[in-house]
Amino acid sequence: MLVLGVLGGHPAPAAGQGGNTGESWGMTHEAGVDYNVVERVSDFQLGITHTHKGVDQADADSTAVERAKALLRKASPSFQNTHIIGWGPGNLQREPGGEILWDSLDRRINMMRELGTPMVVTLCTAPGWMKTSGGDTWKMNTRPKQEHFDAFAELCVEVAKRYPDVRHFQVWNEFKGFWDKSRNTWNTELYTEMYNKVYDALKAHDPTLQVGGLYLIIEGTGSRHLGYSGWQTAEPITPRNLAVIKYWLDHKHGADFICIDKGLKDFHDKNPYSAHELISFTENFGSIARQVRELTGLPIWWSEYYAASGTPYQRGAAFASIYNHMLRNGTSVALLWNPIAGEVPCQMITDVKDPDGGRAEPHYAVFQAFQEHFGPGRPIYRTWSSSDRIEVLASDSATMLINKYDVSAKVRLNGKVIKLRPYEVRVMPVES
């Protein structure tokens, strides 16, 4: 079995070597691929979301930006996404009935066109005059007032008219401004009212547009089995999450996909976790997708998803495992929040403000491998492993091994022993 690529290995060794060459290899884990059983045909696609810390940020180094753009083109994301206001683009409209200020959003869309892959637009946030913020556009956790839902829907149609090559739209972001303190949950009724107005307006403009919504943060770290307590550590999906999903599904006028959002660790969970504990939570991305799939046949989109801080090799292994569980459990699209370092610890390319930046991290090679070997149309074969810390994924073109251990490991895969460095992700061609 020839090695196609070593995508990780920690700590960082000499170029091309993987992980810690002095580590003991330990016990041998058994694993296998059954090429006679196709578990599913993949429809999994990876994309990216551009933010204010991306390749078009004002203080970026031009040489680093060009390196990063070349890497993004080579990675071939299936989609690239932007918001209409915030995270880069400026305010679109300063007053009711005022001129629409397209310049900053035009620049973002033109940059996306330059990269050359299909575009998604997230219809969030809104001009300040529409919002509960009292006119402040940049209070991001606020929403349009109910009396301005129609105006917001009309603005969304103007966006669709301006950029006819954008065919996919996500409605709003993480229920911003829709939290109801009195009920200790989200105001799903009000969000769904706004969603329906936007959905109806876009479909009246062009019924072939693809419109999705919800974009709900799935809460709960799933760490109660480790002895932690509190709603933040609950197994996802939590009951109040489930109530929101069911209400939206029952009362929406229509949808072409459903959007969800999750961090490896719940965003409100302040408990300390080791890297060993954190990476064990990657399976939640599979269990969540399975639960959503039981409720609806709509394509599942992860609008945002996050691993945890750590070394680049830890992140590479964590994201490989996240993608594995997403794919196996029916996810259609996953949009990476900002592939560039400098904002949140999920990057796959180093910081473009650094003159030596714009270079690939281990996560980049993982992203690229999923796009090339495990994307739409690929048969995904049945695999097994004797350890939940060694994951195996196999298609008709490649087999991926993921070492979720912080120590080296030996894997006997279909009878052949393979040595993996700590947090190594290895992709091997299928033998003829």
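The values are calculated or read from the model by the stated rules, or taken from the named source; none is laboratory data. Model, not experiment: these values are computed from the prediction. As a convention, Cβ positions derive from the backbone with ideal geometry for all residues, glycine included, and neighbour counts pool all protein chains shown.
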May I ask you to say which residue of D396, D388, D406 is under 17 Å from F44 (Cα atoms) and outside the structural domain of Y313 (by TED's automatic domain parsing)? D396
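Any idea which of R108, R67, R113, R73 is of a type in the set (D, E, K, R) and under 20 Å from W172 (Cβ atoms)?
Details: R67 fails: under 20 Å from W172 (Cβ atoms); R113 fails: under 20 Å from W172 (Cβ atoms); R73 fails: under 20 Å from W172 (Cβ atoms).
Of R108, R67, R113, R73, the one residue that is of a type in the set (D, E, K, R) and under 20 Å from W172 (Cβ atoms) is R108.
For A275, state whether it is in contact with a strand residue (DSSP E or B) (Cβ under 8 Å, 6 or more places away or on another chain) and not basic (K, R).
It is false that A275 is in contact with a strand residue (DSSP E or B) (Cβ under 8 Å, 6 or more places away or on another chain) and not basic (K, R).
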When only residues in the range 163-188 that are charged (D, E, K, R) and surrounded by 14 or more Cβ atoms within 10 Å (Cβ to Cβ) count, which is farthest from S303 (Cα to Cα)? R167
Name the single residue, out of those in the range 406-424 being part of a loop (DSSP other than H, G, I, E, B), of a type outside the set (V, I, T) and touching a residue at least 40 places away in the same chain (Cβ under 8 Å), that is surrounded by the most Cβ atoms within 10 Å (Cβ to Cβ). Y423
Residues satisfying the stated conditions in the range 124-159, i.e. closer than 19 Å to K197 by Cβ, assigned to a helix (DSSP H, G or I) and without any contact (Cβ under 8 Å) to a residue 40 or more places away in the chain: W129, M130, E147, H148
In the set A317, A255, the lone residue that is in a helix (DSSP H, G or I), among the small types (G, A, S) and in contact with a Gly (Cβ under 8 Å, 6 or more places away or on another chain) is A317
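Could you tell me which residue of the range 78-123 is farthest from the chain's Cα centre (by Cα), considering only residues that are of a type in the set (V, I, T) and part of a loop (DSSP other than H, G, I, E, B)?
Top of the filtered list is I100.
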Being assigned to a strand (DSSP E or B), aromatic (F, W, Y) and either closer than 14 Å to V430 by Cα or not assigned by TED's automatic domain parsing to the domain that holds F281 (or both): is that true of Y381 here? yes
